[in-house]
Amino acid sequence: MAGIGFVLRKLSQRGDLSGVVMSFLYASVISSGPWLFTIMSLGLLVLIGNQFLALAELSEFRIIIIYNFAFSLVFSAPVFMVATRFLSDLIYARNVSAAPGLLLGALMLLFGLQAPIVIIFYLYYADLTPWVQLVAVTNYFLITGIWLVSVFMSALKEYAAISRTFGLGMLIALACTMLLAPYFSIAGMLMGFNLGLAYIFFNLIARVLAEYPGTPRQPFAFLRYFKSHWEIVLSGFVYNLAIWVDKWIMWFSPQRDVHQSGLVSYPHYDGAMFLSYLTIVPAIAVFTIAIETRFFEQYLRFYQDIQNHANYERIEKNHRQLWAGIIASARNIIILQLTIALGVILLAPLILQSVQASSMQLSMFRFGVLGAAFHVFTMFLMIVLSYFDARLKVLTIALVFLFANSLITWASLHLGLAWYGWGYAMAVIISFAVAYVMLVRHLQQLPYQTFIIRNESVK
């Protein structure tokens with residue numbers, strides 16, 4: 001699924017500074033569009049809402065978006081992970097006629113499975129007005145749909161159009177919120193935000209169907225992948241659960257907020273973590289443009305030469321080049337991200353002051369920035385293992401992340417405010433160590449893995 005990275009790499013090699021800048025901006029949107037849009041829009045909407053709504057109402061709006069963002073991602077992950085693999089196989093086979101059916105079937109499956117959960121939650125648990133319940137449910141489905149449609153974005157070549165879609169969606173959300181919030185309070189803010197999301201969702205669907213024209217056929221053909229690729233299903237669920245489990249545990253802290261609706265949150269921790277995640281956007285953009293594309297070329301050469309019956313010396317040379325390329329790419333990512341993390345950690349008081357954050361968030365933010373750095377390292381290693389179809393190894397790393405984040409965050413909850421965020425940081429450091437050992441061993445045994453373990457004729 002490195003497709004759009006090659007297009008963006010050509011833009012960055014155009015020979016002028018604007019090409020480099022624009023390629024990295026586009027890569028940031030393509031790779032991080034949904035959550036980047038949500039974080040930026042949420043921050044701006046809260047600032048705008050200060051003029052129209054009371055603090056309690058703003059807090060209610062914010063927690064609804066966070067709940068929808070978190071639970072839609074966790075519950076959608078198994079479906080969009082399988083959809084990603086299915087679409088990748090279609091592209092590899094050079095027959096994408098089933099792509100429209102995949103989009104339709106996956107959306108139907110997602111909405112059908114999650115509708116009872118979200119409707120029961122908002123209508124029978126959350127103490128909200130009927131209008132707020134309605135727009136909250138709508139918001140959930142729109143966010144869920146965007147997660148799925150984002151699977152297709154990396155295979156599209158219209159990077160400028162996709163970036164404009166997210167940019168215009170954010171502007172629509174801001175403008176509509178300013179118009180509706182004074183008259184409809186929380187429901188107005190949610191409606192305005194939903195209009196921006198709806199523009200993004202339907203515009204992306206239109207671009208996917210334009211890229212893959214044809215009548216949707218066999219919309220549920222991908223369901224067989226749930227059995228044959230069960231490791232991917234579990235990995236997607238466990239990994240995204242691990243990302244959110246520390247936030248949910250921190251919602252039980254003594255400093256938590258319990259809203260009149262019955263929804264619980266800890267705004268200081270959530271805000272610090274979301275802000276820290278923004279520090280990994282440059283590394284993800286670099287990975288999309290330069291690292292994944294270079295790795296994919298070396299990866300492809302290794303397996304194509306094997307398919308073309310290359311001799312042992314050629315295979316060994318390709319193996320060494322692939323190993324060296326991964327080490328060089330990892331070094332570049334580590335240097336970039338640690339430099340950013342160190343700078344942000346040192347400037348943390350000024351950064352928090354500039355966004356009007358509380359001083360109580362300082363240690364949480366610093367732990368979050370450190371954790372985010374190792375998180376992106378771990379993600380890089382997991383993606384490389386996924387290219388080699390090492391599904392059980394990826395699942396193991398996700399399970400380590402989940403259990404470590406749960407246990408250490410729970411322990412830090414009892415150590416006091418100064419340790420909040422330490423659990424997440426330690427969990428991703430442990431996960432990185434496990435992922436590093438697994439990848440090194442896999443790469444050392446790559447020829448053996450290819451000719452023996454992954455060889456169907458041997459099996």
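Data overview
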| quantity | calculated |
| --- | --- |
| Number of positions in the range 113-146 that are hydrophobic (A, V, I, L, M, F, W, C), under 22 Å from the mean Cα position of the chain (by Cα) and farther than 19 Å from residue 80 by Cβ | 2 |
| Out of 233, 245, sole residue that is surrounded by fewer than 21 Cβ atoms within 10 Å (Cβ to Cβ) and outside the structural domain of residue 421 (by TED's automatic domain parsing) | 233 |
| Residues satisfying the stated conditions in the range 92-112, i.e. touching a residue at least 40 places away in the same chain (Cβ under 8 Å), surrounded by fewer than 19 Cβ atoms within 10 Å (Cβ to Cβ) and more than 22 Å from the chain's Cα centre (by Cα) | 96, 97 |
| Residue in the range 49-60 that is of a type in the set (D, E, K, R) and over 21 Å from residue 207 (Cα atoms) present | yes |
| Set 334, 397: member being within 18 Å of the chain's Cα centre (by Cα), surrounded by 14 or more Cβ atoms within 10 Å (Cβ to Cβ) and in contact (Cβ under 8 Å) with a residue 12 or more places away in the chain | 397 |
| Exclusive hit being outside the structural domain of residue 408 (by TED's automatic domain parsing), modelled with pLDDT under 85 and of a type in the set (A, V, I, L, M, F, W, C), set 250, 191, 153 | 153 |
| Set 206, 198: member being aliphatic (A, V, I, L, M) and touching a residue at least 12 places away in the same chain (Cβ under 8 Å) | 198 |
| Filtered residues of the range 113-151 (kept if among the polar types (S, T, N, Q) and surrounded by fewer than 15 Cβ atoms within 10 Å (Cβ to Cβ)) | 129 |
| Sole residue being at pLDDT 90 or above, farther than 30 Å from residue 317 by Cβ, of a type in the set (Gly, Ala, Ser) and more than 20 Å from the chain's Cα centre (by Cα), chosen from 412, 358, 406 | 412 |
| Set 56, 70: member being under 15 Å from residue 143 (Cβ atoms) and among the aliphatic types (A, V, I, L, M) | 70 |
| Residue list for the range 353-378, filter: without any contact (Cβ under 8 Å) to a residue 40 or more places away in the chain, more than 16 Å from residue 420 (Cα to Cα) and either assigned to a helix (DSSP H, G or I) or in contact with a strand residue (DSSP E or B) (Cβ under 8 Å, 6 or more places away or on another chain) (or both) | 353, 354 |
| Hey, residue 324 among the small types (Gly, Ala, Ser), more than 30 Å from residue 254 (Cα to Cα) and not assigned by TED's automatic domain parsing to the domain that holds residue 42 or not | yes |
| Failed criterion for residue 289 (all others in (1) under 30 Å from residue 55 (Cα atoms); (2) among the aliphatic types (A, V, I, L, M); (3) crowded, with 20+ Cβ neighbours inside 10 Å hold) | (1) |
| Test set (1) touching a helix residue (DSSP H, G or I) at 6+ places or on another chain (Cβ under 6 Å); (2) among the aliphatic types (A, V, I, L, M); (3) modelled with pLDDT under 90 - residue 328 fails condition number | (1) |
| Some residue of the range 370-381 being at pLDDT below 95, surrounded by fewer than 23 Cβ atoms within 10 Å (Cβ to Cβ) and closer than 14 Å to residue 239 by Cβ | yes |
| Residue match in the range 298-314 (condition: part of a helix (DSSP H, G or I) and closer than 27 Å to residue 374 by Cα) | yes |
| Residue in the range 52-72 that is without any contact (Cβ under 8 Å) to a residue 40 or more places away in the chain and either surrounded by fewer than 19 Cβ atoms within 10 Å (Cβ to Cβ) or more than 30 Å from residue 275 (Cβ to Cβ) (or both) present | yes |
| Exclusive hit being outside the structural domain of residue 286 (by TED's automatic domain parsing), under 29 Å from residue 280 (Cβ atoms) and assigned to a helix (DSSP H, G or I), set 111, 75 | 75 |
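The values are calculated or read from the model by the stated rules, or taken from the named source; none is laboratory data. Bear in mind that the values here come from a model prediction, so they are computed numbers and not experimental data. Methodologically, a virtual Cβ is constructed for each residue, glycine included, from the backbone with ideal geometry; neighbour enumeration extends over all protein chains shown.
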